[in-house]
Amino acid sequence: MKTIITATGKGEEKLFDLRFGRAAWFCIYDDETDNMEFFENKHVDAPSGAGGKVVEEVVEWGVSRVISGDFGPKAKDLLEKFDIQMVILKDDCKTIKEIVENFKS
Amino acid sequence: MPRRTRLRKVVEPPRFKGYRPYGVNSKRRESIELLYEEYEAIKLADYDLMNHKEAAEIMGISRPTFARIYEAARRKIAQALVEAKNIKTVYGNAIMDKDWFVCNKCHARFNIPKTMTSDKCPACNSNDIESLNK
Ligand SMILES: [Zn+2]
């Protein structure tokens with residue numbers, strides 16, 4: 001199963017990003033291969049609807065779970081529609097690695 | 001594409017995650033999966049003692065559909081009793097009004113889409129989770 005974690009940069013030592021649609025980077029963690037991949041968010045500077053565009057990508061990547069700090073109403077509706085789990089964390093001092101280790105164990 | 005069964009929300013989800021027989025020694029036994037709507041059907045008919053018409057109205061389904069769900073529920077429970085199997089409750093086609101939870105250990109908030117059956121916190125795997133919509 002694939003999980004997306006919003007990240008402030010590329011690499012597992014980078015901090016978690018509380019924003020979803022305007023997150024700087026996305027980390028895709030696949031628990032079958034224990035592999036992490038990073039993608040830059042192309043929609044950071046979109047004038048509007050960044051959240052919805054990101055959801056489209058999330059669906060294309062075949063992700064089942066998204067971990068972020070906040071989801072806008074549009075993104076929430078869409079993620080719900082596609083049966084993608086939303087996880088909201090309020091702690092922005094955690095690294096991507098710490099978050100992954102926490103749910104892996 | 002087959003038509004998806006759409007049910008109105010389960011009035012009150014079961015307060016248990018499952019039942020296990022005791023006095024039988026077998027570590028890995030099969031489970032019977034009791035769907036939320038099946039639990040609801042048994043509760044309305046045999047606990048709240050409603051007739052099928054009333055129960056079907058509460059669940060927002062037709063009487064024949066109610067009868068089918070109720071029959072499936074009774075057979076599953078009977079099978080679990082006779083064959084000493086575990087009963088596990090799963091979401092099925094029931095729609096929970098709003099399915100958001102909070103983890104009492106790490107305070108993550110999350111929803112559980114109907115395609116997922118896990119009842120653990122997705123951020124820390126704790127079982128200590130609580131529904132946000134009571
Ligand atoms: Zn937790």
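Using the structure shown, decide if A:K97 is of a type in the set (D, E, K, R), free of Cβ contacts under 8 Å to residues at least 12 places away in the same chain and assigned to a helix (DSSP H, G or I).
no
Does A:D70 satisfy being assigned to a loop (DSSP other than H, G, I, E, B), more than 10 Å from chain B (Cβ to nearest Cβ) and closer than 16 Å to A:I4 by Cβ?
yes
Could you please let me know if A:N41 is without any contact (Cβ under 8 Å) to a residue 12 or more places away in the chain and polar (S, T, N, Q)?
no
Give the residues of region B:81-104 that are farther than 18 Å from B:R15 by Cβ and modelled with pLDDT of 90 or more, sorted by residue number.
B:L81, B:V82, B:E83, B:A84, B:K85
Which of the numbered conditions does A:I4 fail, given that it passes all the others? Conditions: (1) surrounded by fewer than 18 Cβ atoms within 10 Å (Cβ to Cβ); (2) at pLDDT 95 or above; (3) outside any loop (DSSP other than H, G, I, E, B).
(1)
Under the condition of being surrounded by 10 or more Cβ atoms within 10 Å (Cβ to Cβ) and assigned to a loop (DSSP other than H, G, I, E, B), which residue from region A:32-47 is farthest from the chain's Cα centre (by Cα)?
Step by step, filter region A:32-47, then rank; the result is A:A46.
For the structure I just gave you, tell me whether B:K120 is modelled with pLDDT of 85 or more, within 16 Å of the ligand (Cβ to nearest atom), in contact with a Ser or Thr (Cβ under 6 Å, 6 or more places away or on another chain) and outside the structural domain of B:Y22 (by TED's automatic domain parsing).
No: the conditions fail for B:K120.
For region A:13-31, enumerate the residues that are under 10 Å from the mean Cα position of the chain (by Cα), closer than 14 Å to A:I99 by Cβ and touching a residue at least 40 places away in the same chain (Cβ under 8 Å).
Scanning region A:13-31 gives A:F16, A:D17, A:L18, A:A23, A:C27, A:Y29.
Restricting region A:80-96 to residues that are more than 8 Å from chain B (Cβ to nearest Cβ) and at pLDDT below 90, which is farthest from B:A123 (Cα to Cα)?
A:K81
Test A:D77 against the stated conditions and say whether it is surrounded by fewer than 19 Cβ atoms within 10 Å (Cβ to Cβ) and either more than 10 Å from chain B (Cβ to nearest Cβ) or in contact with a helix residue (DSSP H, G or I) (Cβ under 8 Å, 6 or more places away or on another chain) (or both).
Yes, satisfied.
The values are calculated or read from the model by the stated rules, or taken from the named source; none is laboratory data. Quick caveat, the model's predicted, so the values are computed rather than measured. Methodologically, a virtual Cβ is constructed for each residue, glycine included, from the backbone with ideal geometry; neighbour enumeration extends over all protein chains shown.
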